[in-house]
Every structure is written in structure tokens, then in C-alpha cells.
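Peer 1: Got a structure for you, questions after.
The values are calculated or read from the model by the stated rules, or taken from the named source; none is laboratory data. Since the model is a prediction, treat every value here as computed from it, not as a measurement. Note that we place each Cβ from the backbone using ideal geometry, even for glycine, and neighbour counts take in every protein chain shown. All accessible areas refer to the heavy atoms of the entire protein, side chains included, with ligands and DNA or RNA removed. Shrake-Rupley method; radii C 1.70, N 1.55, O 1.52, S 1.80 Å.
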Amino acid sequence: MPIKRPPLTAEELTRYSRQLALPGVGLEGQEKLRAARVLLLGLGGLGSPVAYYLAAAGVGTLGLAEPDNIEIHNLHRQILHDTGGIGAPKLDSAVGRLSNLNPAVTLRLHPEGLTATNALALFSGYDLIVDGTDNFPTRYLASDAATRVGKPLVHGSIFQFEGQVSVLDPANNAPCYRCIFPKMPEPGEVPNCSEAGVFGALCGVIGSLMAMEALKVILGTGEPLRGRLLVFDALAAATRTVKIKRDPNCPCCGAKPDARIAALDPALYVGGCPVVVDLKRKSSNTNERFLRDLRELHGDKNNLTRTPLPNNDNPPIEVDVRQARAWLSSKNAPVLVDVREPYEVALCHLPNSLNIPLAQIPDQLEVLPRDRPILVLCHHGARSLEATRFLRAKGLARTSSVRGGIHEWAEAFDPKMPRY
């Protein structure tokens with residue numbers, strides 16, 4: 001029996017007149033949009049254009065799941081937000097912008113974001129999920145949960161100058177995310193945007209494509225990207241479409257799903273999106289500058305007092321910022337190596353740190369003391385962990401990474417330190 005929907009008002013007919021004229025839309029299509037319930041995960045670079053275009057198109061109920069606050073480094077790409085909102089919840093600026101754009105849209109706010117605990121209940125209240133998040137744990141969780149509740153999910157992602165879009169929908173025999181990428185990348189395998197860089201304009205392109213896919217799914221028109229992955233190369237201004245098949249042995253949507261994935265075990269969805277740099281590659285950079293810096297910071301490297309970390313001859317591979325500060329404040333402090341790029345160090349740095357960008361670590365091994373502890377620092381802890389693993393493999397066993405990096409250090413000890 002057809003669903004009876006109230007007729008469009010005169011204001012709605014005027015507002016949507018240009019899309020009502022499209023084949024496959026019309027009055028019936030616009031009523032479908034008004035009845036649709038779409039959950040948008042993330043209000044960042046991808047979520048911003050998605051939110052604008054779905055609200056403008058007249059999607060009746062738009063759920064917004066976003067736990068973060070606005071930071072200044074968001075603003076070159078996250079166009080829902082502005083300078084005046086720095087420090088405020090992203091949800092606040094989103095509500096203001098979207099309500100002004102289309103007051104008829106019902107906005108449901110989910111300030112807790114997506115978690116393994118709330119995912120199933122959250123997704124059950126919507127017809128379609130759009131994933132605009134930028135980290136792998138949430139990306140896998142979103143796909144796993146959408147598969148569990150049988151809801152289609154519009155996926156989008158970007159890496160430097162390339163973006164990808166697909167519609168993940170096992171309920172309609174299309175792949176889920178794990179059909180394409182069965183396991184979450186290990187730390188050090190894939191960069192995130194803070195490490196690899198991103199143009200706001202590319203977020204706009206991919207976010208717009210995601211919004212278009214969502215509209216096609218709602219309207220039942222055209223050919224949504226089910227079973228296909230659209231890849232956009234911004235530098236070449238070229239697109240290609242890759243066919244992707246559902247994996248019968250997929251640990252999520254296959255015949256015998258993994259029990260932990262089926263249960264959305266929270267332990268499966270932890271970690272971040274660290275950077276990968278080829279530390280096996282030698283560069284032509286000289287190590288004289290690093291040798292000079294080390295001598296200035298800690299004295300001649302041949303006459304350094306070599307002592308282990310306090311009460312610990314076998315330090316863990318990672319330490320938190322409080323442990324790091326305690327060790328750095330000790331009488332025989334470890335060498336602090338900052339593996340960020342020079343422009344990052346210019347923004348903020350810790351005193352008495354030695355800057356060796358991650359890609360240059362292999363050329364500077366002889367500079368680092370082998371009988372003195374080393375602490376490695378970066379922005380969020382990903383590059384430092386990669387460097388720590390490399391240094392330990394090269395015999396520098398008492399090397400530890402500072403978990404959370406200088407960002408967490410600033411939050412814990414120095415709120416006035418610039419963050420980016």
C-alpha cells in the first residue's frame with residue numbers, strides 16, 4: 001500500500017522548483033526527500049558540503065553526529081564553521097548554518113558521535129548513513145554497524161589529491177567496507193590529513209559527490225555507486241570507476257562473520273591514522289646540522305653522560321605525556337627528538353628538542369646516542385611511533401614514543417601553546 005504523504009506546501013514548491021523539474025524527482029521525489037531520515041557522521045571537510053546540499057535539497061530529517069569542537073586549522077576546508085566559532089562545538093555552527101539555509105529540515109543532534117556502544121541504536125533510527133569521518137576506527141565501525149542493521153552507507157575518503165566515493169550496501173548485494181579492506185591498517189601504514197595534507201577544494205568535490213549519491217539512493221533514481229568505487233584524481237582532473245564485488249568470506253557481511261565484528265567489540269575500533277614514510281630510503285641530506293644541534297643541546301656527543309631512564313633499563317615503546325615530562329625533568333634527561341617538519345616546529349616546540357624530520361631519520365642514526373634513552377615526539381604520536389620502531393630495529397632499544405604528541409602535551413601542560 002503506498003505511503004500517504006502530506007502535499008508539498010506552496011513555499012516548498014517554490015523553494016525546490018528547480019529540482020522538481022528534473023526527471024526522476026517531481027512531486028513524488030521531493031516527498032521522498034522530505035520523508036527521508038539521513039544520519040551524517042562528521043561535520044568536517046567532507047561532512048560540511050554533504051550537510052549543506054542535503055539540507056538544501058529538502059531532506060526532511062538530518063542527523064548530525066559530531067563530538068568535536070572547532071579549531072583554527074579546520075577552517076580552510078570545513079566550510080560549515082567560521083573564525084568566530086573557534087573553540088565552540090561544531091554542532092553549534094552546523095545548526096545555525098543549516099537552520100538558516102532551510103528551516104524546514106529537522107536536525108537531530110548526536111554530540112557523543114559514533115561509538116561501538118551507541119552505533120546500532122543510532123543507526124536504527126535512520127534510513128541512510130553518510131560517513132564523512134576521517135579516521136579508520138570510525139570508518140570500520142560505521143560500515144560494520146550499517147551492515148548489522150541493514151542500512152546503506154555512503155562512503156567517502158580523501159588522500160592528498162585523490163578522493164574516493166562508494167555506496168556500501170550488503171543488504172542489496174553490494175560490498176561492505178571490509179569486503180574491500182578486510183583489516184584496519186596497522187599504525188604507520190596510511191597517513192591522515194593532518195600528516196599528508198589536504199586541499200579544501202577536494203573535500204568540496206568529494207563531499208558533493210557523496211551528497212549526490214545519497215540523493216540517488218533516497219530517490220531510487222540513476223545508478224548509485226553500489227559495487228563500484230569512484231576515484232577522482234584532482235591533479236589530473238580525471239575520474240575512474242573500479243568494480244568491487246562482495247566477498248563471500250568477508251569477516252563482516254560474509255556467510256560466517258567474525259563474532260567480534262558482529263558484536264561490535266569496542267576493542268576493534270581503537271587507534272588512529274598514522275603517517276607512513278619510507279624509513280628504508282636514504283636521502284642525500286647531510287647530518288652536520290643535526291650533529292651541531294645535538295652538541296648544542298646536550299654537549300659533545302662523545303662526552304655525554306649516559307644513564308638509563310630512571311629505574312627503567314627497558315622502557316616501553318610508548319609513554320604518556322606525564323611520564324615524558326617526568327623523564328625530561330630528571331637529572332639525566334633523555335634526548336628528545338622531534339620528528340615533525342620544520343614548519344610544524346616553527347609553530348610550536350618543546351625546549352631542548354632536536355628536530356630531525358621523520359624521512360631524514362635513517363641518515364641521522366650516527367648522531368643519536370646508543371647508550372642514552374631517547375624520547376621521540378611528533379604532532380599526535382603516529383610519526384614518533386613509526387620512528388621509534390625503526391630506531392629500535394636499528395639497535396636503539398631504549399627509544400620511546402610520546403603518546404599523543406605535542407598536541408596532548410599542550411592540552412595537559414601548556415594551553416597557551418599554539419595548536420594546529
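Peer 1: Mind sorting out which of [x] 84, 56, 50; [y] 198, 63, 34; [z] 85, 50, 41 is the real Cα extents along the principal axes in Å computed from the coordinates?
Peer 2: Matching the structure shown: [z].
Peer 1: Here is a further query. Among the trypsin sites (Lys or Arg not before Pro) within the range 1-91, which fall in a DSSP loop and have no more than 14 other Cβ atoms within 10 Å of their own Cβ?
Peer 2: Within the range 1-91, the qualifying trypsin sites (Lys or Arg not before Pro) (loop, at most 14 other Cβ atoms within 10 Å) are LYS4.
Peer 1: Find the Cα radius of gyration of the range 43-86, compare it with 2.2 N^0.38 Å by division, and give the number to two decimals.
Peer 2: Taking N as the residue count of the range 43-86, the ratio is 1.19.
Peer 1: Enter the accessible area per residue of the chain (Å², integer; probe 1.4 Å; all protein chains in place).
Peer 2: Accessible surface, normalised per residue, equals 47 Å².
Peer 1: Using helices alone, what [θ] at 222 nm do you get for the chain, with -39,500 (n - 2.57) per DSSP H run of 4 or more residues, divided over all residues and rounded to the nearest 500?
Peer 2: Counting only the DSSP helices, I get -9500 deg cm²/dmol.
Peer 1: Students often get this wrong, so check it: of LYS90/LYS151; LYS331/LYS394; LYS151/LYS245; LYS151/LYS183; LYS151/LYS256; LYS151/LYS243, which have C-alpha atoms separated by over 23 Å?
Peer 2: In this structure, LYS90/LYS151; LYS331/LYS394 exceed 23 Å between Cα atoms.
Peer 1: Over the range 112-228, one equal point on each Cα, no solvent: what is log10 I(q)/I(0) by the Debye formula at q = 0.15, 0.16, 0.19, 0.20 Å⁻¹?
Peer 2: -0.67, -0.77, -1.07, -1.18
Peer 1: Got a number for carbon plus sulfur as a percent of the range 120-166's accessible area, 1.4 Å probe?
Peer 2: 53
Peer 1: Still on this structure: Could you put HIS76, HIS81 in order of accessible surface area, largest first, with the 1.4 Å probe and the full protein assembly present?
Peer 2: Descending order: HIS76, HIS81.
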